[in-house]
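Quick notes on the structure that follows.
Please treat every number below as a calculation from the coordinates, not as lab data. Everything quoted here is computed from the prediction, not taken from an experiment. Here the Cβ positions follow ideal geometry from the backbone for every residue, glycine too, while neighbour counts run over all protein chains shown.
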Amino acid sequence: MSEPDSAAQWSHAQRVTDLLRRRREQAAQRWAELPLFRTVFTVSRDEAVEAARAVVDALTAVAASGRANDIEAPGFDPVRAQIGRMAAARSRAGQSVSQVIGEVADLRDVVLELLEADTAQEPPERRYAATAYVTELLATLRLVTMETMLHEGQEIILRQRQQLLEVATPVIKLWDGVVALPLIGTLDSARSQVVMENLLEAIVAQQAKVALLDITGVATVDTQVAQHLMKTVASARLMGAECIISGIRPAIAQAIVQLGIDLESVITRATLADALALALHRVGLQVRSSNLEQP
């Protein structure tokens, strides 16, 4: 950009900055009536106006920096969290990303109306240049909103995935000193970490001496799954608990042998019932079968 162009651009930035500073309250009051603010801040209109002021101040800071097209401009930082909360609230109300972005675009019309009234006596070329700068500034705000929504969406997905993992790996107290963790489905790296953490926490909380890992519901056992199981067993031992793996079906036993996985150091049982009987024996209890005579 040549020096005259740079000077002109800076002049437009100053012009818009001055407009936002002088018309701050008017812009905030009118924005508070728009769906983006009005439908989010429903308890108090003052709260909506205060939120609108914060966004006006952010745009003013960005305009003053001359970085109207930069989503990383520091001026946006103070309102990113607020924009995220507002966008999330609109999403929960059933608005799509494009609809929320459209509501952000409505903010531009208010600023352009204020600009038009403020520059009615100025030459057309100056008005057009300032209008272009406002349009660019509000377009960047839309990009910031979209980026924030996508980031918030990813965090929600990660939190939900973590919650599902925790729900899918419950640790059950079977007896004093005995806990069990039935595994169902696929055991990947993320889930195995949750399995290990949940089991170790249960061992501490229940002061367990024996922990059962039942893999009856695990469809396949490959090298990765076996390694995860071995790590879990080793971690439990470090916490002072003995681990018993149950649910070793014939197909899984063959797969383990074919993979060359060494489970000699691990106690295994074919069924959960067999593993439970052994676990109870380890804590000093004896299981007997009782044949009651029918009268």
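Here are the numbers:
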{"read-out": "Tensor-based shape of the range 207-285 (alpha-carbon gyration tensor, a/c under 1.5 rounded, otherwise prolate or oblate)", "value": "oblate"}
{"read-out": "Per-residue Cβ neighbour rank within 10 angstrom, fewest leading, 281, 12", "value": "281, 12"}
{"read-out": "Exposure proxy order (Cβ contacts within 10 Å, fewest to most) of 196, 86", "value": "196, 86"}
{"read-out": "Rounded to 5, percent antiparallel among DSSP beta bridges of the range 172-282", "value": "20 percent"}
{"read-out": "Calculated Cα extents along the principal axes in Å (choose from (i) 58, 44, 32; (ii) 107, 44, 32; (iii) 105, 51, 30), label", "value": "(iii)"}
{"read-out": "Gap separating the Cα centres of the range 174-249 and the range 64-108, nearest whole Å", "value": "45 Å"}
{"read-out": "Cα shape, the range 26-158, gyration tensor, a/c 1.5 rule", "value": "prolate"}
{"read-out": "Residue order, fewest to most surrounding Cβ atoms within 10 angstrom, among 246, 91", "value": "91, 246"}
{"read-out": "DSSP bridge pairs, the chain: antiparallel proportion in percent, nearest 5", "value": "20 percent"}
{"read-out": "Principal-axis tilt of helix 223-238 within the chain, Cα atoms, nearest 10 degrees", "value": "80 degrees"}
{"read-out": "Filtered trypsin sites (Lys or Arg not before Pro), the range 214-295: DSSP coil and at most 12 other beta carbons within 10 Å", "value": "288"}
{"read-out": "Label zone at residue 122, where the point sits 7 Å out along the Cα-to-Cβ direction: the range 61-93 residues whose backbone N lies under 14 Å", "value": "64"}
